[in-house]
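Written below as structure tokens is the structure these notes are about.
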Amino acid sequence: MAADQYIKQLDSFVKLIQPGIFAFAVGAMLLEVALLSFWKIPRNSKGGIVSLASGLFVFGFEAIADFLFYIAICYWLYDHRIFDLGFRWYTWVLCFLLYDLMFYVAHRIQHRVRVLWCFHAVHHSSTEMRLTSAVRGSMFDFIYTPPFFVWMCILGIHPLMFITVRTFSRIWGILEHIHESVIGHTPRLNKIFITPDVHRAHHGKNEIYLDKNYSEIFSVWDRLFGTYVEYSEPPVYGILQPVDDNDFLQIQFSPWQCLMRELKATKGFINKLRLMLEPPGGKY
């Protein structure tokens with residue numbers, strides 16, 4: 001198949017799957033709610049609504065940012081690419097692995113740098129683990145997240161390939177948050193993948209689970225860099241800093257309010273900068 005025809009077909013596919021991920025997420029959430037209701041398993045309905053509201057802002061602002069500049073940046077970088085990798089099968093494998101590695105790096109930094117934790121703490125503020133928790137995030141994620149990934153295009157990864165991989169990675173990321181009554185323990189799959197079982201441990205604020213299991217698809221990165229932990233005790237979900245996870249404004253802004261108070265009480269520019277860049281510690 002000629003490259004131009006391949007690109008045209010991939011472009012059509014990307015235009016289909018971009019809104020498709022939204023429909024998939026909504027359908028999966030509705031199915032999960034139906035199952036939990038049928039099994040009479042309690043859930044936090046108000047918290048679920050807050051998560052969905054957060055998700056609308058997250059994906060809405062990201063779509064606008066993509067349209068205004070991030071996709072254009074990807075194409076500009078691709079035009080100045082270092083290598084001509086094309087659309088060979090190993091380029092797809094490289095893109096998947098590199099994207100997953102960068103997700104690990106970005107996710108770990110979000111947990112270890114205080115100012116970035118103020119964004120990411122929103123996602124961890126839910127006190128339950130189900131599919132609606134997957135879309136709970138900071139409405140300002142679009143500011144700092146894409147730069148971790150868009151640089152991949154300068155290596156010769158086509159923007160359409162990047163967007164396709166990002167989309168399928170996010171589908172996996174959504175499914176990681178499924179309720180444990182739907183998908184339970186999966187010890188064999190855990191050896192290779194970040195399963196819902198593994199990701200539940202990541203969301204636990206138990207001491208044994210803090211700063212563990214950062215990857216999105218493959219568990220190899222956590223195993224390689226010493227941040228992997230198996231599910232060993234029921235996770236207590238949420239963040240250490242008290243927050244009402246049913247309050248939209250509080251989950252979005254309380255981490256920033258806490259940081260601002262501490263910055264105000266800290267003397268000297270260097271000390272303020274250190275506070276912003278150091279690990280959040282007990283401010284989880």
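The values are calculated or read from the model by the stated rules, or taken from the named source; none is laboratory data. None of the values given here were measured: they were computed from a predicted structure. Every residue, glycine among them, receives a Cβ derived from its backbone with ideal geometry; neighbour counts consider all protein chains shown.
Number of residues in the range 190-226 that are surrounded by 17 or more Cβ atoms within 10 Å (Cβ to Cβ) and more than 17 Å from the chain's Cα centre (by Cα): the value is 3.
Within the range 174-224, the set of residues being closer than 16 Å to F103 by Cα, of a type in the set (K, R) and not in a loop (DSSP other than H, G, I, E, B) comprises R223 only. Looking across G47, G60, one residue alone is without any contact (Cβ under 8 Å) to a residue 40 or more places away in the chain and either among the hydrophobic types (A, V, I, L, M, F, W, C) or closer than 27 Å to Q252 by Cβ (or both). It is G60.
Filtering G173, G156 for residues that are modelled with pLDDT of 95 or more and touching a Lys or Arg at 6+ places or on another chain (Cβ under 6 Å) leaves a single hit, G156.
You will find that of Y104, Y70, the residue that is more than 30 Å from N44 (Cα to Cα) and assigned to a helix (DSSP H, G or I) is Y70 and no other. Only one of the numbered conditions (1) surrounded by 13 or more Cβ atoms within 10 Å (Cβ to Cβ); (2) part of a helix (DSSP H, G or I) is violated by R43, and that is (2).
Looking at R274, R261, which one is surrounded by 12 or more Cβ atoms within 10 Å (Cβ to Cβ), of a type in the set (K, R) and either more than 21 Å from the chain's Cα centre (by Cα) or outside any loop (DSSP other than H, G, I, E, B) (or both)? Only one candidate passes the filter, namely R274. Scanning for something modelled with pLDDT of 95 or more, charged (D, E, K, R), over 29 Å from K212 (Cβ atoms) and assigned to a loop (DSSP other than H, G, I, E, B), does the range 125-135 turn up at least one residue? Looking through the range 125-135, none of the residues is modelled with pLDDT of 95 or more, charged (D, E, K, R), over 29 Å from K212 (Cβ atoms) and assigned to a loop (DSSP other than H, G, I, E, B).
Looking for something under 21 Å from W221 (Cβ atoms) and in contact with an Asp or Glu (Cβ under 9 Å, 6 or more places away or on another chain) - is there at least one such residue anywhere in the range 76-99? Checked against the condition, which is being under 21 Å from W221 (Cβ atoms) and in contact with an Asp or Glu (Cβ under 9 Å, 6 or more places away or on another chain), the range 76-99 yields at least one hit. Taken together, the criteria exclude A53 from residues that are under 27 Å from F248 (Cβ atoms), in contact with a Leu (Cβ under 6 Å, 6 or more places away or on another chain) and not basic (K, R).
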